[in-house]
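Chemist: Take a look at this one; I'll ask things after.
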Ligand code: GLY
Ligand code: MN
Ligand code: MN
């Protein structure tokens, strides 16, 4: 897990410009118990990692850009015994030599040193309300400063939330981040291709999941960026289906929504393809409707495009096709008025993608207007149509079919780049792959 010094320097500079005489205080949570005395694999806190590149639990950052020693890290100390059991630690030594800290201390010095570090800063930028124990400690440090009878005015007078600042920065990806996202997308694409090339009717959903996640790990991913969805037949109509335990049957489609987390960045791809060799006619009709709308939406991505307008474009396209397919009835105006299309498309068109799969960053300006895309924004485009198996209002031929198609797209200076173009989505290309797979 690496982060270049260049990106780190640029981020610290941008934060410095915003906070001036203030201090930024961030911390990484501790490990989470999975059962009894075993922990979940540790996943660094996204904001903390974005600013520091430091990936160990419990670390604390104090960044005072206008001080002589701007970056201070508090980290777990080196400990021969604990490192034999639980793994390596950078210690304060490593925080200085490898993570660019100007000062570094063991965690148990936090309470003793924090009041002094916050002395004289005008605003404290810290994300209160996330961790009650930490909130109490912060108030304790501030109380100590205010209680200093000779210099009570050395305590920060303002507490500000750094998340709008950091998340605004994270919305727009640097060149290095775009390369990392490209690598995560390519690895995710490789896994989807392997799935299309190897699946055989009769496999379980979990067997296909295992194949996909094997490709992730072999490619150096920490694992899936989110719980993989491998949904055969009507399971595709359950949007967050992750049980992945049924048999994949010839004649059904399988919806695979899976992405690798590589170098701390997420891929997020969905493909829907036949378990057998080809689409049935109703499957093809529904699939083609989603595909046409998805291709049109991707093509429309460029700087200036607004997220809400992209979503509206997708809705308009889907309504046209739902009318033709007979899934919604009445005039177009009636469909819009009654929102009857929502029965078949009930989620958003996409989201930002980055260190978090549903990445942070604002979608709306203060005035409530949808924000236009700018160069470096990365989004998913993922329309779908889902006809529940028990939907008595839908033509019978479509019941139990769910389709989603999802790509990862970077907004470039004058248009866009699709990071996940390596996985086919055209009907003919998919059927050719399935034909080759089944011989
Ligand atoms: N797999 C999560 C999503 O597509 O948003
Ligand atoms: Mn997805
Ligand atoms: Mn997605």
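Read-outs throughout are calculated quantities, based only on the coordinates presented, and are distinct from any laboratory measurement. Here the structure is a predicted model, which means the values were calculated and not measured. Virtual Cβ from ideal backbone geometry, glycine too; neighbours counted across all protein chains shown.
Chemist: Could you list, in sequence order, all residues of the range 5-30 that are more than 16 Å from residue 173 (Cα to Cα), surrounded by fewer than 17 Cβ atoms within 10 Å (Cβ to Cβ) and touching a residue at least 40 places away in the same chain (Cβ under 8 Å)?
Modeler: Selection gives 16, 20, 21, 29.
Chemist: Any chance the range 277-288 includes a residue that's crowded, with 24+ Cβ neighbours inside 10 Å, touching a strand residue (DSSP E or B) at 6+ places or on another chain (Cβ under 6 Å) and closer than 30 Å to residue 179 by Cβ?
Modeler: No, the range 277-288 contains no residue that is crowded, with 24+ Cβ neighbours inside 10 Å, touching a strand residue (DSSP E or B) at 6+ places or on another chain (Cβ under 6 Å) and closer than 30 Å to residue 179 by Cβ.
Chemist: Among the candidates 340, 331, single out the residue that is more than 16 Å from ligand 3 (Cβ to nearest atom), surrounded by 13 or more Cβ atoms within 10 Å (Cβ to Cβ) and more than 27 Å from residue 256 (Cβ to Cβ).
Modeler: None of the other options fit; the residue is 340.
Chemist: For the range 204-278, please list each of the strands (runs of 3 or more DSSP E) lying entirely inside it that holds at least 3 residues being closer than 19 Å to residue 424 by Cα, within 16 Å of ligand 1 (Cβ to nearest atom) and within 23 Å of the chain's Cα centre (by Cα).
Modeler: Ranges flagged: 229-232, 253-258, 269-274.
Chemist: Would it be correct to say that residue 305 is more than 14 Å from ligand 3 (Cβ to nearest atom) and surrounded by fewer than 22 Cβ atoms within 10 Å (Cβ to Cβ)?
Modeler: So residue 305 passes the test.
Chemist: Of the residues 257, 246, which is crowded, with 22+ Cβ neighbours inside 10 Å and in contact with a strand residue (DSSP E or B) (Cβ under 7 Å, 6 or more places away or on another chain)?
Modeler: Within the list 257, 246, the selection yields 257.
Chemist: Let me ask something else. Determine whether the range 415-425 contains at least one residue that is part of a helix (DSSP H, G or I), away from ligand 3 (no atom under 16 Å from the Cβ) and touching a helix residue (DSSP H, G or I) at 6+ places or on another chain (Cβ under 8 Å).
Modeler: No, the range 415-425 contains no residue that is part of a helix (DSSP H, G or I), away from ligand 3 (no atom under 16 Å from the Cβ) and touching a helix residue (DSSP H, G or I) at 6+ places or on another chain (Cβ under 8 Å).
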